[in-house]
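Enquirer: Supplied in structure tokens, the structure appears directly below.
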Amino acid sequence: MATDTSLATPNGVGSVTHAPNLPADFTQVFESKFVETGQLRLHAVIGGEGPPLLLVHGWPQNWYAWRQLMPALAQKFTVIAVDQRGIGLSDKPLHGYDTGTLANDLIGLMETLGHHHFAVVGHDTGFAIGYALAADYPDRVTRIVLAEIPGPPMSSASPPVFVPAHVNNRLWHIPFCRVEALPEQLVVGREDLFFGYEFEIQGGKPPADAIAYYVDLLSRPDALSGSFGFYRALDMTLAQNEMRKATRLTLPVLAIGGERSYGEHVADTMKLLADDVRGVVIPGTGHWIAEDAPEATLAAIMAFLSPYGDVAPVQVPPVLRVLQ
């Protein structure tokens with residue numbers, strides 16, 4: 001692997017060396033690094049050779065969400081799996097959780113690592129941050145994969161309050177997490193119940209040991225407030241996205257949905273915002289595609305990224321339903 005040995009190497013809970021049940025030889029390829037962006041310190045897990053590929057996790061996960069895809073991706077790309085501001089081992093300031101600032105964090109990360117142009121894969125909140133990256137820095141992002149929310153947050157697309165119960169059960173955490181202070185008081189000591197429900201209700205489910213790992217990280221000091229930061233900055237993000245949508249994305253976009261989650265809606269929404277969109281629905285899985293269906297998710301990503309990395313195209317399994 002090619003990483004900057006001058007970067008500090010963390011060795012605690014949240015780092016590669018303390019992550020459970022990693023794929024074979026994972027730690028021979030990947031290292032945890034602290035990267036100073038000039039604004040804050042981010043934790044990233046880095047390894048592989050080739051064009052840079054930034055992986056941006058969703059809520060309430062961290063870099064570990066990508067672990068099953070990372071070894072294969074590292075054969076073709078320099079993989080950078082980051083913990084967002086407020087998450088995992090990255091700094092947890094009180095403010096700066098709008099997607100404009102979060103995207104700027106990642107520009108600082110990649111700049112420090114020496115990567116001016118790069119591809120991005122974003123899931124859930126990472127989708128929203130990835131969209132901001134592509135919109136705000138069109139000269140930096142070459143290709144982007146956006147997975148498993150029905151488009152970036154938009155004021156015009158906000159769901160009404162009185163939605164059917166099955167929709168409410170999947171979305172109630174958004175207004176809950178936006179409330180200041182009270183969620184911490186209600187969740188502290190009950191992290192396993194709160195986050196366990198979220199992993200269950202979204203469709204599909206990461207392994208029990210992975211959920212326990214996420215809950216442990218989220219039970220540490222400042223972790224809850226950091227994880228809620230994205231939601232508490234939604235007013236600013238919504239205003240930013242209303243401006244972003246005036247200029248359509250022109251880079252290639254892969255929009256991925258889980259069949260038992262947002263499915264075709266991911267691609268349908270992105271076609272309103274971008275000129276070059278390919279959609280894939282991964283059958284039989286819910287929201288947590290990289291952990292529920294890693295092989296199918298990997299195949300879709302690798303096939304899409306082939307032109308970017310001069311990668312031999314990977315045959316997409318017939319179980320994938322490709323949307324035109």
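Enquirer: At a 1.4 Å probe, what is the % contribution of carbon and sulfur to the accessible area of the chain?
Expert: Within the chain, the accessible surface is 56 percent carbon and sulfur.
Enquirer: Build a GNM of the chain with springs between Cα atoms under 10 Å: which of TRP288, TRP66, TRP172 gets the top mean-square fluctuation?
Expert: Fluctuation is largest for TRP172.
Enquirer: Can you tell me which lysines have their Cα less than 22 Å from the Cα of LYS245? Leave out same-chain residues fewer than eight positions away.
Expert: Qualifying lysines at Cα under 22 Å: LYS271.
Enquirer: Report, in debye and to the nearest 20, how large the dipole of the chain comes out about its Cα centre when Lys and Arg carry +1 and Asp and Glu carry -1 on their Cβ.
Expert: I would put it at about 420 debye.
Enquirer: What list of ³J(HN,Hα) values in whole Hz, one per residue of segment 134-145 in order, does the Karplus curve 6.51 cos²θ - 1.76 cosθ + 1.60 (θ = phi - 60°) give from phi, with Gly and Pro shown as x?
Expert: Here the 3J(HN,Hα) series is 5, 6, 7, 10, x, 8, 10, 9, 8, 8, 9, 10 Hz.
Enquirer: Please say if segment 1-126 is rounded, prolate or oblate, where rounded means a/c under 1.5 for a ≥ b ≥ c the square roots of the C-alpha gyration tensor eigenvalues, and otherwise the choice is prolate for a/b larger than b/c and oblate otherwise?
Expert: In terms of gyration-tensor shape, rounded.
Enquirer: Under unit Cβ charges (Lys, Arg +1; Asp, Glu -1), what dipole magnitude, rounded to 20 debye, does segment 85-235 have relative to its Cα centre?
Expert: The calculated dipole for segment 85-235 is roughly 220 debye.
Enquirer: Okay, moving on. Which label marks the calculated value of volume of the Cα convex hull per residue in Å³, given the options (1) 243; (2) 150; (3) 123?
Expert: Correct label is (3).
Enquirer: In whole Hz, with x marking every Gly and Pro, tabulate ³J(HN,Hα) for segment 103-115 from phi via Karplus 6.51 cos²θ - 1.76 cosθ + 1.60, θ = phi - 60°.
Expert: 5, 5, 3, 6, 4, x, 4, 5, 5, 4, 7, x, 10
Enquirer: Considering only the other residues whose Cβ falls under 12 Å of the Cβ of ARG260, what net charge follows from Lys and Arg at +1 and Asp and Glu at -1?
Expert: Taking every other residue near ARG260 into account, the sum is -1.
Enquirer: Straight-line reach from LYS76: which aspartates and glutamates have a Cα under 15 Å away, not including same-chain ones fewer than 8 places off?
Expert: Here the aspartates and glutamates satisfying the reach criterion relative to LYS76 are GLU49, ASP310.
Enquirer: Defining a contact as two alpha carbons under 8 Å apart and six or more residues distant in sequence, what relative contact order in percent does the chain show?
Expert: Averaging sequence separation for qualifying contacts and normalising by length gives 17 percent for the chain.
Enquirer: Can I ask one more? Ranking request for peptides 160-166, 74-80, 184-190: highest mean number of other beta-carbon atoms within 10 Å first, then the rest in descending order.
Expert: 74-80, 184-190, 160-166
Enquirer: While we're on this one: Could you calculate the contour length gain from ALA208 to ASN21, that is, 0.36 nm times the residue separation minus the distance between their Cα atoms, to one decimal place in nm?
Expert: Gain on extension, ALA208 to ASN21, equals 66.2 nm.
Enquirer: Once each part is reduced to its C-alpha centroid, what is the distance from segment 224-282 to segment 67-126 in angstrom?
Expert: 17 Å
Enquirer: Right, here's the next one. Can you say what percent of the DSSP beta bridges in the chain, counting only those with both residues inside, are antiparallel? Round to 5.
Expert: So the antiparallel bridges amount to about 35 percent of the total.
Enquirer: Note down the net charge around LEU171, summing +1 for each Lys or Arg and -1 for each Asp or Glu among other residues with Cβ under 13 Å from its Cβ.
Expert: Residues near LEU171 contribute 0 overall.
Enquirer: Which cross-chain or sequence-distant (5 or more) residues have an amide H under 5 Å from the amide H of ARG41, H modelled 1.01 Å from N in plane?
Expert: It is ASP91, by chain and number.
Enquirer: Still on this structure, I have one more. Report the residue, chosen from GLN202, GLN68, GLN28, that carries the largest GNM mean-square fluctuation when the chain is represented by alpha-carbon nodes joined by springs under 10 Å.
Expert: Looking only at GLN202, GLN68, GLN28, the biggest GNM fluctuation is shown by GLN28.
Enquirer: While we're here: Anyone know which of LEU55, LEU171, LEU109 comes out most mobile in the 10 Å Cα GNM of the chain?
Expert: Judging by the Gaussian network model, the answer is LEU171.
Enquirer: Also: So what is the accessible area of the chain per residue, in Å², with the probe set to 1.4 Å?
Expert: Each residue of the chain exposes 41 Å² on average to a 1.4 Å probe.
The values are calculated or read from the model by the stated rules, or taken from the named source; none is laboratory data. Because the structure is a prediction, the values reported are computed rather than measured. Cβ atoms come from the backbone with ideal geometry, glycine included; neighbour counts cover every protein chain shown. With ligands, DNA and RNA removed, areas are computed over all heavy atoms of the protein, side chains included. Shrake-Rupley method; radii C 1.70, N 1.55, O 1.52, S 1.80 Å.
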